Amino acid sequence: MMKKLNTEVKIGTLTLKNPVMPASGAFGVEMQDAIDFNQLGAILPKSITKYPQPGNAKPRVCETTAGMINSIGIQSKGIDYFLSTIIPSFDTFEPPLIASISADSIEEFVEMSTILGNNGSVSALELNISCPNLKGDGSAFGMDKSVTNKLISEVRQVTELPLIAKLTPNVTSIQEIAIAAEKGGADALNVANTLLAMAIDVDSKRPLIGNVMGGFSGPAVKPIIVRMIYQVAQVSSLPIIGCGGIMNGRDALEMIIAGASAVQVGTASFIHPTALTDILNEIETYLIEHDIDDINELVGSVIV
Amino acid sequence: MKQYKAPVLLNQQVSNRYWHMIVNTSMLDQSVEPGQFFQIRCADKYTPFLRRPLSVYRINEHTTEFLYLVKGKGTTEMTTIEQGDTIDLMGPLGNGFQIDSSMKTILLVARGVGVATLAAVAQAAYNKQIHCVAILSARTKEDLLAAEFLEGFGADVYKVTEEDGTSDVTNVQSIITNEIFGKYKIDCIYTCGSRRLSKLAQEMSTNYDIPGQIALEEHMGCAMGACFACVCDVMDGDVTKSVRVCIEGPVFPLRKVVIE
Ligand SMILES: Cc1cc2nc3c(=O)[nH]c(=O)nc-3n(C[C@H](O)[C@H](O)[C@H](O)COP(=O)(O)OP(=O)(O)OC[C@H]3O[C@@H](n4cnc5c(N)ncnc54)[C@H](O)[C@@H]3O)c2cc1C
Ligand SMILES: Cc1cc2nc3c(=O)[nH]c(=O)nc-3n(C[C@H](O)[C@H](O)[C@H](O)COP(=O)(O)O)c2cc1C
């Protein structure tokens, strides 16, 4: 008789039926023709800002060796549109909806978290602390451990929802930031956002991205993210969501073995629109083939 | 929109810089319209990484054809695909051109590989017994692709090139106003492939009150409307609105687009 496979994972008080979810900014309701959203562990729309925001100069994406750089600039119609239109567009799907927040200041994070925390359709908040702190020195909130700690603890005061801190990899010590977020009251850590990068066309001598620099994603970044997951798992007991460069089930498993409880998949969907569900199927096949009945047994199982 | 592995029936160089590919698309469960495009995986590798958008050049009952310029990594990889191989495509994507059967004569203004996109319009127009007049602009005479293909559909083709010193906007404008408008009543202008010619087509459309449609090109990420990489501005009354070329275009009303 076949044993029942357990793929459920926990992100704070939130239970996901499986560990595979989209990465913010690389997923939208438009993709429902390509995949069955009901198979996903969670639904995670693009980060939203408080006010409508136009986005950055073009080109907004460019290709690099085994990856891409993007500088979209959180083109957002604001939180009102998110509440009135985006959230309802996912209403008919079963997986919990995680709202990703980008803000210019700690006050704005708090304000948006209060509003979203009171919305019955939102099951968790992901705080995109990789965006620049415009009231501070303009560098990302998540680059400074005390700013990270302050941000998370202030948001913690206003909502009971599980809080995921989406860390930036553009730091000297991801461990310090992870500890600061955990102490601030985060329920989970997303490791990580994109790596700040740049590419130049040698013929025109111009940057390939309109905004000069942008965020690097895709398979080329995966070893860096695996390393960071491993490092964070050593200093934090929080569940980790691995994100960066996953193209297939084995890539996702690598992050789980390094210490991630769940994974997010972004760029891979641009190449294979069914990537999210393909990855889930590949993980399940692996579990069966390796006679593992509970995915949680694999989390952090790396042998060093 | 779906992802398919389609058998390649032909992949052949047609001029110095251009290739022609025919794929068997009999598995598609929806029709393909002129102006729509496919996202092509040029090679099953991580480099080149992203898919490449190519519009449909010819639409047949069981096959779809592409005409592509060999530009960089992706299209160079595409030239290595051989007859009998399969190609991974996603599509058809985007909104195509509207070709209303009540029209009698239409004008196509194409620059370079823009003709690949407009050739499908000529084909559809022919099937609807609409007469086509086309201006094809290119760097060299060799790059004037598909002229014979258009002529085969009964189109009157005007060719302009840098090589002949005939492709400057002033000359194209004079061909349109003096020769074409003198001979025909144009019901709609279709354009693709050049910013300068699109601006000219836009002016003609406004000044002579002729409707027009334009197919835009932007660098794309997902091509499914999710990532907001391929945006452009269109006028919505007096306000500019940001739209996604992949799902709200690539075809837009000519007078509404803000040509940068
Ligand atoms: C809707 C649409 C339809 C198109 N139809 C055709 C067609 O029928 N025939 C044809 O030859 N070309 C067409 N193009 C342009 C074609 O997509 C590019 O020439 C191609 O992507 C270049 O890829 P490359 O790797 O050879 O060049 P590279 O310059 O190495 O490409 C690098 C990156 O830039 C992107 N890129 C470069 N030029 C363009 C461009 N003009 N538009 C969008 N992305 C670009 C590539 O996709 C890739 O991600 C179309 C573009 C769009 C948006
Ligand atoms: C086009 C694009 C847009 C993105 N937008 C956001 C965003 O709005 N908020 C965010 O937190 N991350 C954003 N990201 C980062 C992804 O969520 C993810 O962290 C990153 O791409 C690494 O994962 P991947 O390699 O699987 O894509 C974006 C990434 C891409 C490619």
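Odds and ends about this structure:
- Being away from chain B (no Cβ under 14 Å) and surrounded by fewer than 23 Cβ atoms within 10 Å (Cβ to Cβ) is a property that A:Gly259 lacks.
- Members of the stretch A:63-88 found to be open to solvent by 40 Å² or more (accessible area, probe 1.4 Å), facing another protein chain (nearest Cβ under 9 Å) and either within 20 Å of the chain's Cα centre (by Cα) or acidic (Asp, Glu) (or both), listed by number: A:Glu63, A:Asn70
- Exclusive hit being open to solvent by 10 Å² or more (accessible area, probe 1.4 Å) and within 14 Å of chain A (Cβ to nearest Cβ), set B:Thr75, B:Thr86: B:Thr75
- The criterion of at least 3 residues that are more than 25 Å from B:Arg244 (Cβ to Cβ) is met by the following strands (runs of 3 or more DSSP E) wholly inside the stretch A:38-133: A:122-128.
- Any hit, the stretch B:192-202, residues being touching a residue at least 24 places away in the same chain (Cβ under 8 Å), over 29 Å from B:Gln3 (Cα atoms) and assigned to a loop (DSSP other than H, G, I, E, B): yes
- Entry remark, the stretch B:237-253: residues being away from ligand 2 (no atom under 16 Å from the Cβ), free of Cβ contacts under 8 Å to residues at least 60 places away in the same chain and closer than 21 Å to A:Gly73 by Cβ number 4 in total.
- Test: residue in the stretch B:144-162 that is open to solvent by 50 Å² or more (accessible area, probe 1.4 Å) and over 23 Å from B:Gly35 (Cα atoms): yes
- Some residue of the stretch B:206-216 being touching a strand residue (DSSP E or B) at 6+ places or on another chain (Cβ under 7 Å), touching a residue at least 12 places away in the same chain (Cβ under 8 Å) and within 14 Å of chain A (Cβ to nearest Cβ): yes
- A search for C-beta distances below 8 Å between a residue of the stretch B:27-53 that is in contact (Cβ under 8 Å) with a residue 12 or more places away in the chain and any residue that is within 8 Å of ligand 1 (Cβ to nearest atom) and open to solvent by 70 Å² or more (accessible area, probe 1.4 Å), counting only pairs 6+ apart in sequence or on different chains, returns B:Cys42/B:Lys73; B:Thr47/B:Lys73; B:Pro48/B:Lys73; B:Pro53/B:Glu217.
- Residue that is least open to solvent (accessible area, probe 1.4 Å) [pool: residues in the stretch B:237-252 that are within 16 Å of ligand 1 (Cβ to nearest atom) and facing chain A (nearest Cβ under 10 Å)]: B:Cys246
- Members of the stretch A:105-128 found to be surrounded by fewer than 20 Cβ atoms within 10 Å (Cβ to Cβ), in contact (Cβ under 8 Å) with a residue 40 or more places away in the chain and among the charged types (D, E, K, R), listed by number: A:Glu108, A:Glu111
- Cβ-Cβ distances below 9 Å connect the following pairs, each with a first residue in the stretch A:173-188 that is among the basic types (Lys, Arg), a second residue that is open to solvent by less than 10 Å² (accessible area, probe 1.4 Å) and in a helix (DSSP H, G or I), and a separation of six or more residues or different chains: A:Lys183/A:Ile152.
- Residue that is open to solvent by less than 10 Å² (accessible area, probe 1.4 Å), within 8 Å of ligand 1 (Cβ to nearest atom) and under 30 Å from A:Asn70 (Cβ atoms), where the choices are B:Val70, B:Val23, B:Val56, B:Val113: B:Val56
- Every residue from the stretch A:32-55 that is within 19 Å of A:Ile129 (Cα to Cα) and surrounded by fewer than 20 Cβ atoms within 10 Å (Cβ to Cβ): A:Tyr51, A:Pro52, A:Gln53, A:Gly55
- The stretch B:26-48, subset open to solvent by less than 40 Å² (accessible area, probe 1.4 Å) and among the aromatic types (Phe, Trp, Tyr), residue farthest from the other protein chains (Cβ to nearest Cβ): B:Phe37
- Set A:Ala57, A:Ala23: member being more than 9 Å from every other protein chain (Cβ to nearest Cβ) and in contact with a strand residue (DSSP E or B) (Cβ under 6 Å, 6 or more places away or on another chain): A:Ala23
Results for (1) surrounded by fewer than 22 Cβ atoms within 10 Å (Cβ to Cβ); (2) within 16 Å of ligand 1 (Cβ to nearest atom); (3) among the aromatic types (Phe, Trp, Tyr), shown as yes or no for each residue.
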position	(1), (2), (3)
B:Tyr190	no, yes, yes
B:Arg196	yes, yes, no
B:Ser205	no, no, no
B:Glu217	yes, yes, no
B:Cys222	no, yes, no
B:Gly225	yes, yes, no
B:Ala229	no, yes, no
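- Taking the stretch A:224-302 and the helices (runs of 4 or more DSSP H) fully enclosed by it, the elements with 2 or more residues that are within 16 Å of ligand 1 (Cβ to nearest atom) are at A:268-271.
The values are calculated or read from the model by the stated rules, or taken from the named source; none is laboratory data. Nothing here was measured: the structure is a model prediction, and the numbers come from that model. Backbone-built Cβ (ideal geometry, glycine too); neighbour counts: all protein chains shown. The area values use the complete protein model at the heavy-atom level, side chains included, leaving out ligands, DNA and RNA. Shrake-Rupley method; radii C 1.70, N 1.55, O 1.52, S 1.80 Å.
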